[in-house]
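Peer 1: I have a structure here, written as structure tokens, and I will follow up with some questions on it.
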Amino acid sequence: MPEKSKTLQFANTVLMISTALAIVILIFLMKENSRLKKERLNFKQEIRQLVGSISGVPMSQVDDVVPVFEASNLKGEKLKTDFAKSSGYLMYIFSPECEVCSKEFDRVPNFL
């Protein structure tokens, strides 16, 4: 009997230490998660502020001129666009993950 009691006491001690360690790790992970959420929010706000300065006004305007650029079509062929030489084109680049694109999408029929 005394040997069984020692085994149970040892198992109980290991369980208590493991539980305390798990609680400490959980507290650390919760703090780290909170820090990362704040960092992500700050990063998103910084990006929103920079969008206007990187790409200009975050909305297309009537009579905007598209600069010449190269792109690939769906077949992978390189194309060079130059819309300044002619008129009557509407080029619309859209990404469903882009907030500005989503807001602009509602305005597209007004240009046509």
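Peer 1: Yes or no: the stretch 51-66 includes at least one residue that is outside any loop (DSSP other than H, G, I, E, B) and at pLDDT 80 or above.
Peer 2: no
Peer 1: Please determine whether any residue of the stretch 26-33 is in contact with a Ser or Thr (Cβ under 7 Å, 6 or more places away or on another chain) and at pLDDT 70 or above.
Peer 2: Looking through the stretch 26-33, none of the residues is in contact with a Ser or Thr (Cβ under 7 Å, 6 or more places away or on another chain) and at pLDDT 70 or above.
The values are calculated or read from the model by the stated rules, or taken from the named source; none is laboratory data. Source: prediction; values computed, not measured. We place every Cβ from the backbone using ideal geometry, glycine too, and count neighbours over all the protein chains shown.
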